[in-house]
Amino acid sequence: VDGLYVPRTGNRFTHSFNRHQHVSDLAVRVKDMEDWVKVDFNVNPMAATLSSYVPWSRCKLRTFDEIKIAGADTYDLCDAIKEKLGMNWRNAIIFPDPAGVKTTTNARDMMSDIKIIKQAGFKEENIRYKKQISVKDTYFAINNLFDKGSWAVHPKCKEFISDMEQVKVIDGAFKMDKTNLQRTHWLDGAKNMADYMFPVVKSYSEVTSRQIR
């Protein structure tokens, strides 16, 4: 529809995202601003998005790059983040999947994913996550950011954009549809970050159905 991918059934999770409005070559890394890394731990693929946080701007988040590593572990992910961010990697703000506190996707030892991130040198105070995630809360938070024009994405972040356009909510059960094993990974990390940093207080009764008819 108008050049956009539209799920044939169900409601799009990030219904407020529109590539004509939110995808821009101007979404580049901003010097001296915080680097925010949103992570979803998987073996195939290990996924992350990288953004600059510009608090004084209307467009506060500029997603400038993404990570996709097939057959990887958390050590590989840490190496990739360091390579992407260069000398400033130690100051990166990491938003990991909270399940990484107890579980591991690495094949080298039984250390949890979040412990591996700390061991790799990322500052403990910069690792931010909620112990419990409400999918509804993340839904409101990420859509609110796009509604306000607070988030821009560089066109090279193709996996992240695909998640924004293709992942849907399962009807009758407020969950993300994960039947496509290649999707949701970049959205998972992004939605959790949105809820942690920009939570929305909203009645769940205000969720509206956006069926494609």
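Seen from GLN182, the other residues with C-beta closer than 14 Å to its C-beta sum to a net charge of -3, counting Lys and Arg as +1 and Asp and Glu as -1. Summing charges over neighbours of TYR53, with a neighbour being any other residue whose Cβ is under 10 Å away from its Cβ, gives 0 when K and R count +1 and D and E count -1. Here the accessible area is traced with a 1.4 Å probe on the protein chains. For segment 27-69, carbon and sulfur cover 53 percent of it. Counted by Cβ distance under 15 Å from GLY86, the other residues give a net charge of -1, where Lys and Arg count +1 and Asp and Glu count -1. Computed about the Cα centre, the dipole magnitude for segment 25-102 is approximately 300 debye when only Lys and Arg (+1) and Asp and Glu (-1) carry charge, each at its Cβ.
Do the alpha carbons of any pairs in LYS168/LYS191; LYS38/LYS68; LYS123/LYS191; LYS136/LYS158 sit beyond 19 Å of each other, and which pairs? Violating the 19 Å Cα-Cα cut-off are LYS123/LYS191; LYS136/LYS158.
The values are calculated or read from the model by the stated rules, or taken from the named source; none is laboratory data. Computed from a prediction, not measured in an experiment: that's the story for all the values here. Because the Cβ atoms are built from the backbone with ideal geometry, glycine has one as well, and the counts that use them run over all protein chains shown. We work out accessible area using only protein heavy atoms, side chains counted, and drop any ligands, DNA or RNA first. Shrake-Rupley method; radii C 1.70, N 1.55, O 1.52, S 1.80 Å.
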